[in-house]
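Take a look at the structure below.
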Amino acid sequence: MSEVAIIGAGVTGLSAAFRLKQLGISSTVYEAKERVGGVIQTTEKDGFLAEHGPNSALETSPAIRQLVHDLGLDGRRYYPSEAAKKRYVVRDGRPVPMPSSFGGFLNTSLFSRHAKWGLLKEPFIRKGDPQHEESVADFVRRRLGQEFLDYAVNPFVAGIYAGNPERLSLWHAFPKLYELEQRYGSLIRGQVLGARARKKRGTKSKQNAEQFSFDSGLQVLTDELLRRVEGNVYLGAPVRRVEQSGQEWRVLSGEGLNQEHSAVIFSAPAYQLGKIELEGEGDGDGDSGSGLSFLSDIDYAPVSSVVLGFKREQVRHPLDGFGMLIPERERFGILGTIFSSSLFPGRAPEGYVALTSYIGGRRWPEAAFKSRDELVELTCRDLSKILGLQGEPGFVHHALFPKAIPQYDIGYGRFREKMSEIENANPGVFFAGHYRDGISLSDSILSGLGIADRIDESLKSASGEALPLERGCDS
């Protein structure tokens, strides 16, 4: 019998399994699909490298750098060049560099003179009611004004959450912004003083953390995690039921697996976990066997990614940066585009470029489900207007995620509270992943590593009861 069952072999589950192995704790990973990695998948064809899901990860914590080292992947890790760190936001149909310094902010055409002068008032604006759950949009309008919402936050939210700032909860989607205002009374003061606190902890904000990938894409990470824990991973093994059996937890899979474990980590996406029956002495739900059904109510935004390859001379723009985000008010079909071949080497053959665009999200959900040909046409039309693209692509890759990113909307706290209730009532049950601890790839990795450490503490405790989890994420 392995000590821990891990339901879901995405990056959270695999990171947890690897960390548990380091701690000398055995685990069994149950994965419903026939492959591991979740949304992380890389395709290489005709000299192009296309990521199905995320294109990079962030070193927001020393624990992530340590994981890469422990996996022996230091030599395969890539960081972007300095030139690729430039980011663009589209305004009036053209890409404008985001300012990276105070001097750049004063001179940028991304914001009007009125918006820039208005920022001087930010340190003197009274902080919000700490008991009132505010939307991201209302928070930004209150502190920074409508123009910053339209041309900074709206495109940023679309690029990160594929979400709508009018619906996202500041508390849950961007807790660090809420904490900055509450602690320092100002975002500007908080950025300066908060940076000192992060330096002491050895952590970095997401806007300052180093991006990285690997020579053959992000799948290098999940492939190596699988190799390190292989033999303990069941593929094509959807879990149907988890029930308490004395002091153990019995996991029953549709493939006939029936095993007992001391602890269970629920790390699959919420919409999959909602189908699992959980029955324990304190399943957190009055209905026996339906303790996880509430997770099915978590909303996910659909997203399609379209990777296109062109000859370099087909694109007029220098592509000298990470990519571009597109505000909703600009009325384009795509949410944004990553200049993939500028970001990391090996993404396109010599003399070619690769561009990864995203469509759908909360802004235009039905567009994510368009056919490949329709999405290519839409993407090329937008890129021709913004980047000066000419001609047809020589390479096309399309991936659809009907449920791509969980939306931390106003009221999301009820889901987290319910998970905590279940954990507290059922020692040995743990929740981890992007529906709990933050939606970025780095959040998911840290969630897996952190839950493994908590389980180690729990198994070592004299009482044998799981310790309450401490939650938080860098946003």
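The values are calculated or read from the model by the stated rules, or taken from the named source; none is laboratory data. Just so it is clear, the structure is predicted and the values come from calculations on it, not from any experiment. Cβ: placed from backbone, ideal geometry, glycine included. Neighbour counts: every protein chain shown. To get the accessible areas, we keep the full protein, side chains included, count just its heavy atoms, and leave off ligands, DNA and RNA. Shrake-Rupley method; radii C 1.70, N 1.55, O 1.52, S 1.80 Å.
Here are some notes:
- Pairs where the first residue, in segment 273-302, is under 11 Å from Glu243 (Cβ atoms) and of a type in the set (Gly, Ala, Ser) and the second is at pLDDT below 55 and in a loop (DSSP other than H, G, I, E, B), C-beta under 7 Å, 6+ apart: Gly291/Asp283; Gly291/Gly284; Gly291/Asp285
- Of residues in segment 120-146 being within 19 Å of Val192 (Cβ to Cβ) and not basic (Lys, Arg), the one surrounded by the most Cβ atoms within 10 Å (Cβ to Cβ): Leu144
- Filtered by the rule that a residue be over 19 Å from Leu110 (Cα atoms) and in contact with a helix residue (DSSP H, G or I) (Cβ under 7 Å, 6 or more places away or on another chain), segment 313-334 gives Val315, Arg316, Gly333, Ile334.
- Here Ala50 passes the criteria (1) part of a strand (DSSP E or B); (2) closer than 30 Å to Asp453 by Cα; (3) of a type outside the set (Phe, Trp, Tyr) except the one numbered (2).
- Residue in segment 392-403 that is modelled with pLDDT of 95 or more and in a helix (DSSP H, G or I) present: no
- Figure legend. Inter-residue proximity from segment 213-238: first residues closer than 17 Å to Ala57 by Cβ, second residues of a type in the set (Ser, Thr, Tyr) and not in a loop (DSSP other than H, G, I, E, B), beta-carbon distance below 6 Å, spacing 6+ or different chains. Indicated pairs: Ser213/Tyr78; Gly217/Thr42; Gln219/Thr42.
- The residue of segment 76-112 that is nearest to Glu330 (Cα to Cα), among those that are modelled with pLDDT of 90 or more and of a type in the set (Lys, Arg), is Arg91.
- Subset of segment 316-332 [open to solvent by less than 10 Å² (accessible area, probe 1.4 Å) and either of a type in the set (Phe, Trp, Tyr) or within 24 Å of Arg372 (Cβ to Cβ) (or both)]: Leu319, Gly323, Met324, Ile326
- Selection count where residues are hydrophobic (A, V, I, L, M, F, W, C) and more than 21 Å from the chain's Cα centre (by Cα), scope segment 34-77: 3
- Scan of segment 1-33 for residues that are open to solvent by less than 10 Å² (accessible area, probe 1.4 Å) and assigned to a loop (DSSP other than H, G, I, E, B), ordered by number: Gly8, Ala9
- Among the residues of segment 161-179, the one identified as among the aliphatic types (A, V, I, L, M) and modelled with pLDDT under 95 is Leu177.
- Which listed residue, of Glu417, Glu374, Glu366, Glu392, is closer than 28 Å to Pro318 by Cβ and free of Cβ contacts under 8 Å to residues at least 24 places away in the same chain: Glu392
- Search result, residues across segment 106-118 that are open to solvent by 30 Å² or more (accessible area, probe 1.4 Å) and either part of a loop (DSSP other than H, G, I, E, B) or in contact with a helix residue (DSSP H, G or I) (Cβ under 8 Å, 6 or more places away or on another chain) (or both): Leu106, Ser109, Ser112, His114, Lys116
- Every residue from segment 340-377 that is of a type in the set (A, V, I, L, M), surrounded by fewer than 20 Cβ atoms within 10 Å (Cβ to Cβ) and within 24 Å of Gly321 (Cα to Cα): Val376
- In the set (1) within 23 Å of Ala301 (Cα to Cα); (2) open to solvent by 50 Å² or more (accessible area, probe 1.4 Å); (3) touching a Gly at 6+ places or on another chain (Cβ under 9 Å); (4) charged (D, E, K, R), Arg167 fails one condition alone, (3).
- Of the residues in segment 74-88, at least one is open to solvent by less than 20 Å² (accessible area, probe 1.4 Å), in contact with a Pro (Cβ under 7 Å, 6 or more places away or on another chain), within 22 Å of Tyr358 (Cβ to Cβ) and not in a loop (DSSP other than H, G, I, E, B).
- Odd one out for Gly309 among (1) outside any strand (DSSP E or B); (2) farther than 16 Å from Arg87 by Cβ; (3) not hydrophobic (A, V, I, L, M, F, W, C): (1)
- Screening the candidates Gln182, Gln259, Gln244, Gln191 for the property of being at pLDDT below 85 and either within 22 Å of Phe430 (Cβ to Cβ) or surrounded by fewer than 17 Cβ atoms within 10 Å (Cβ to Cβ) (or both) yields one hit, Gln191.
- Pairs linking a residue in segment 94-108 that is farther than 23 Å from Ala209 by Cα to a residue that is open to solvent by less than 40 Å² (accessible area, probe 1.4 Å) and modelled with pLDDT under 95, with Cβ atoms under 7 Å and 6 or more positions apart or on different chains, are Leu106/Lys116.
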